Amino acid sequence: MPKNRQTSPEPSEPSEPSELRDAIPRGAGWLPHGYHLDPHSHVQGQLVYAAAGVLATTTERGTWVAPANRMTWTPPGFAHSHRFYGRTDVRLLTVPVELCGELVEHPSVFAISPLLREAVLALTDRSEARPGAYERLLAVVVDELSDTPEQSLHLPEPGDDRLRAVTDLLHADPGRTTTLAELGRMAGASERTLSRLFRTALGMSFHRWRTTLRIHHALAHLTNGLSVTDTAMECGWSNPSSFIDAFTEVVGQTPGRYQADLRNDTK
């Protein structure tokens, strides 16, 4: 990843805005760890890339997390909120309605290739040199994303009260090792019923949902400088090796490589 790119001037800590664009002048800026934007929506589409740090986007359909090798996509009209983990270099692109049809109709996360990364940095780092240059480069970004598989790190949230009681317990303590049967007794539902609900209502097994939740928290811990071993223990893995395997499967790189990339990006 490039180490010598020009970065946008660091703004003072912004007050709570109603739109992300208010917090990030000219589509680029640094936001502090834990910064949160309340639910809002846009009449146009929105691509948000954390060149450093981690971005979590939440809608009524769940939460999408994007580390520095992913980009979030929110179509027009979807109410969503953002939370930022680690000191975050945020890049914002507004996608005109006429281009939104080229991308999926639901919020998602895409892998960001070297070409996409450089295009996004160019669109947010420098002013337009020639009339129409911004629109042409944005069209390249949309064209590339239309051919890029979704890699959603998506954590769906349930509508069923019994299932929500279980997921609320896990949200409160992602590292807890309680079995589904034990969680079911707390929620007033059998293990078999909950297992079925996870698959039918959320589209994944209980184990997969909890692993994704833990990966979300692990990304935040790693971004904030916690060691790989301490992150594994904090998020409920019995040993660092099993954490490294799970993290690599979901994120596409080891936690150590992820932290090394974060250090490189902030140099």
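Which one is nearest to residue 154 (Cα to Cα) among residues in the range 221-253 that are among the hydroxyl-bearing types (Ser, Thr, Tyr) and open to solvent by less than 60 Å² (accessible area, probe 1.4 Å)? Spell out the reasoning first.
Going residue by residue through the range 221-253, those that are among the hydroxyl-bearing types (Ser, Thr, Tyr) are 223, 227, 229, 231, 238, 241-242, 248.
Now narrow it down to the ones that are open to solvent by less than 60 Å² (accessible area, probe 1.4 Å): 223, 227, 231, 242, 248.
Numbers: 223: 19, 227: 24, 231: 20, 242: 21, 248: 16 Å.
In this case the residue turns out to be 248.
Please go through the range 22-32 and pick out each residue that is touching a helix residue (DSSP H, G or I) at 6+ places or on another chain (Cβ under 8 Å) and either open to solvent by 40 Å² or more (accessible area, probe 1.4 Å) or modelled with pLDDT of 85 or more (or both).
Within the range 22-32, 26, 28, 29, 31 meet the criteria.
Return the only residue of 192, 208, 162, 185 being within 18 Å of residue 65 (Cα to Cα) and open to solvent by 20 Å² or more (accessible area, probe 1.4 Å).
On the way: 192 fails: within 18 Å of residue 65 (Cα to Cα); 162 fails: within 18 Å of residue 65 (Cα to Cα); 185 fails: within 18 Å of residue 65 (Cα to Cα).
So the residue among 192, 208, 162, 185 that is within 18 Å of residue 65 (Cα to Cα) and open to solvent by 20 Å² or more (accessible area, probe 1.4 Å) is 208.
Would you be able to tell me the number of residues in the range 69-104 that are crowded, with 22+ Cβ neighbours inside 10 Å and closer than 16 Å to residue 34 by Cα?
Adding up the residues that qualify gives 7.
Go through the range 45-77 and give me each residue that's of a type outside the set (Gly, Ala, Ser), in a strand (DSSP E or B) and touching a helix residue (DSSP H, G or I) at 6+ places or on another chain (Cβ under 9 Å). Give the derivation first.
Filtering the range 45-77 for residues of a type outside the set (Gly, Ala, Ser) gives 46-49, 54-55, 57-61, 63-65, 67, 69-76.
Next, from what is left, pick out any that are in a strand (DSSP E or B): 46-49, 54-55, 57-59, 63-65, 70-74.
Once the filter is applied, which keeps residues that are of a type outside the set (Gly, Ala, Ser), in a strand (DSSP E or B) and touching a helix residue (DSSP H, G or I) at 6+ places or on another chain (Cβ under 9 Å), the range 45-77 yields 46, 47, 48, 49, 54, 63, 65, 70, 71, 73.
Looking at the range 117-142, which of its residues are touching an Asp or Glu at 6+ places or on another chain (Cβ under 7 Å) and open to solvent by 20 Å² or more (accessible area, probe 1.4 Å)?
Pass one, the range 117-142, residues touching an Asp or Glu at 6+ places or on another chain (Cβ under 7 Å): 134, 142.
Within the range 117-142, 134 is the sole residue that qualifies.
Name the pairs: first residue in the range 109-138 and without any contact (Cβ under 8 Å) to a residue 40 or more places away in the chain, second residue part of a loop (DSSP other than H, G, I, E, B), Cβ to Cβ under 8 Å, at least 6 apart or on different chains?
113/148; 134/128
The values are calculated or read from the model by the stated rules, or taken from the named source; none is laboratory data. These numbers were taken from a predicted model, which means no experiment stands behind them. Using ideal geometry, Cβ is built from the backbone for each residue, glycine included, and neighbour counts are taken over all protein chains shown. SASA here: full protein model, heavy atoms, side chains in, ligands and nucleic acids out. Shrake-Rupley method; radii C 1.70, N 1.55, O 1.52, S 1.80 Å.
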